[in-house]
Amino acid sequence: MDKSCLKPDCTVAQTGICLLNNDPNTCPERTIIGMDKPVDNINTIDTALETPPTQSRFPSSLALSPEDAQVLMCKNYCYLIGILGAPDAGKTAALVSLYLLLAGNKLNGFEFRDSRSIRALDDISRGARRWNDGKTPEQMTAHTELADERSPGFMHLRLFQQSTTETVDFLLPDLPGEWSTSLIDLNRIDRMGFLKSADCIWIMVDGRQLTQPTTRQHALHRTKILMQRVASFLEGNIPPFTLVITWLDAGTPSEQTIHALKAEANALGVTLNIREIASFSDTGLQPGTGISDLISSVLKAPNMPPAFWQDSLENKTGRAYMRFRNHGGQA
Ligand SMILES: Nc1nc2c(ncn2[C@@H]2O[C@H](COP(=O)(O)OP(=O)(O)O)[C@@H](O)[C@H]2O)c(=O)[nH]1
Ligand SMILES: [Mg+2]
């Protein structure tokens, strides 16, 4: 820093010699160029620039990270759903169908109230909204890819339930099918920690695979392994499973097929509910059939959290909800 002097005729800056014969390093008249206070007072000089006031921003409204989800869960009880299933099982399609039903106020028994991930829901629904000369597009949804391959992204929905006049929050992950494939083939569970906090688990299966004789055995086998992997990962604290059979518009699997999956769940000590949905429809069936029932089943599912003042020692729900406390955050 260049030094100067408050005395107008002092040449200390050029010659290094103080007009008052003081030591230039300690002379009280000395200043830093550009400042009109002596150097000794440097510590009392106000900060040159003030921190600009931060503008509050709108939340991004993309899929929520697990941390964002934690903040929401501190504020309200959120029904967290673990959604698993092979690639093309219809996981994304079910979420898209749910979102489009809500957008048209056609989800039986529910009304849309809010979403912290509206852009993410809108993004996954783009394909289904494409104008296509009145014909439905071949592929309604894009292949699911995550911004961060190591952690799930959650969709948030706040719905008003007409029967109870209560508002309920849901967190629904849209995971790539490869997560389930690597869970089945390699028992890769490192990214699945969030399942320990799930209220229920949806095992999604393409109904056509369970119906056609050429694919039925293979689909059955892989679905059973998926249930086994999840059950052993959750070790005793297993929330209810729902086998969500998609492509209802293309037919229904046989009783025998359903029975084989129920028997497997029974052997694992898991409650298995069965729901059939047609997220879209290539036939006369109404698109979105079964979705409202699927959502209601989450709220009705047994093993739900106890009433508020119930004896906490008796709490057998097993949900690791307290781990999601984060008192500092804002939702
Ligand atoms: N007609 C009909 N098509 C469906 C249904 N579910 C999924 N699809 C179609 O199957 C494709 C793959 O489904 P998607 O949800 O992306 O599979 P994901 O990999 O499990 O997310 C979608 O683009 C839809 O075109 C359904 O219930 N009915
Ligand atoms: Mg997908």
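The values are calculated or read from the model by the stated rules, or taken from the named source; none is laboratory data. Everything numeric here is computed off the predicted structure, so don't read it as measured data. All Cβ positions, even for glycine, are placed from backbone atoms using ideal geometry, and neighbour counts span all protein chains on display. Just so you know, the surface numbers come from the protein's heavy atoms only, side chains and all, with ligands and any DNA or RNA stripped out. Shrake-Rupley method; radii C 1.70, N 1.55, O 1.52, S 1.80 Å.
Of the residues LEU72, LEU101, only one is part of a helix (DSSP H, G or I), within 16 Å of ligand 1 (Cβ to nearest atom) and touching a residue at least 24 places away in the same chain (Cβ under 8 Å); which? So that I can check it myself, show each step before the final result.
Values: LEU72 fails: within 16 Å of ligand 1 (Cβ to nearest atom).
Of LEU72, LEU101, the one residue that is part of a helix (DSSP H, G or I), within 16 Å of ligand 1 (Cβ to nearest atom) and touching a residue at least 24 places away in the same chain (Cβ under 8 Å) is LEU101.
Every residue, every condition in (1) surrounded by 12 or more Cβ atoms within 10 Å (Cβ to Cβ); (2) within 30 Å of ILE189 (Cβ to Cβ); (3) charged (D, E, K, R), yes or no:
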{"site": "THR51", "(1), (2), (3)": "no, no, no"}
{"site": "PHE58", "(1), (2), (3)": "no, no, no"}
{"site": "LEU64", "(1), (2), (3)": "yes, yes, no"}
{"site": "GLY82", "(1), (2), (3)": "yes, yes, no"}
{"site": "PRO87", "(1), (2), (3)": "yes, yes, no"}
{"site": "LEU102", "(1), (2), (3)": "yes, no, no"}
{"site": "GLU111", "(1), (2), (3)": "yes, no, yes"}
{"site": "ILE118", "(1), (2), (3)": "yes, no, no"}
{"site": "ASP123", "(1), (2), (3)": "yes, yes, yes"}
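Please give the number of the condition SER56 fails out of (1) free of Cβ contacts under 8 Å to residues at least 24 places away in the same chain; (2) not in a loop (DSSP other than H, G, I, E, B).
(2) is the only condition that SER56 fails.
What pairs come out if I take residues in the stretch 265-291 that are in a helix (DSSP H, G or I) and pair them with residues that are near ligand 1 (Cβ under 9 Å from one of its atoms) and of a type in the set (A, V, I, L, M) whose C-beta lies under 7 Å away, six or more apart or interchain?
If the second residue must be near ligand 1 (Cβ under 9 Å from one of its atoms) and of a type in the set (A, V, I, L, M), the pairs left are ILE291/ALA94; ILE291/ILE277.
So, in the stretch 286-297, how many residues would count as being open to solvent by 60 Å² or more (accessible area, probe 1.4 Å) and either touching a strand residue (DSSP E or B) at 6+ places or on another chain (Cβ under 7 Å) or of a type in the set (A, V, I, L, M, F, W, C) (or both)? Spell out the reasoning first.
As a first pass, look at the stretch 286-297 and keep what is open to solvent by 60 Å² or more (accessible area, probe 1.4 Å): 286-287, 293.
Okay, now just the ones that are also either touching a strand residue (DSSP E or B) at 6+ places or on another chain (Cβ under 7 Å) or of a type in the set (A, V, I, L, M, F, W, C) (or both), so 287, 293.
So the answer is 2.
Can you name the residue in the stretch 89-100 that is within 14 Å of ligand 2 (Cβ to nearest atom) and open to solvent by 10 Å² or more (accessible area, probe 1.4 Å) and is also nearest to ILE238 (Cα to Cα) among such residues?
Keep residues of the stretch 89-100 that are within 14 Å of ligand 2 (Cβ to nearest atom), which gives 89-99.
Those still in the list that are open to solvent by 10 Å² or more (accessible area, probe 1.4 Å) too: 90-93, 99.
Details: GLY90: 23, LYS91: 21, THR92: 24, ALA93: 26, TYR99: 28 Å.
Looking at residues that are within 14 Å of ligand 2 (Cβ to nearest atom) and open to solvent by 10 Å² or more (accessible area, probe 1.4 Å), I get LYS91.
Within the bounds of the stretch 80-94, is there any residue that is more than 12 Å from ligand 1 (Cβ to nearest atom), at pLDDT 75 or above and in a loop (DSSP other than H, G, I, E, B)? Before the answer, list the steps.
At the first step, the residues of the stretch 80-94 found to be more than 12 Å from ligand 1 (Cβ to nearest atom) are 80-82.
If we keep only those that are at pLDDT 75 or above as well, we get 80-82.
Then drop every residue that is not in a loop (DSSP other than H, G, I, E, B), which leaves none.
No.
Is it true that THR144 is touching an Asp or Glu at 6+ places or on another chain (Cβ under 7 Å), of a type in the set (Ser, Thr, Tyr), within 11 Å of ligand 1 (Cβ to nearest atom) and modelled with pLDDT under 90?
Against the criterion (touching an Asp or Glu at 6+ places or on another chain (Cβ under 7 Å), of a type in the set (Ser, Thr, Tyr), within 11 Å of ligand 1 (Cβ to nearest atom) and modelled with pLDDT under 90), THR144 qualifies.
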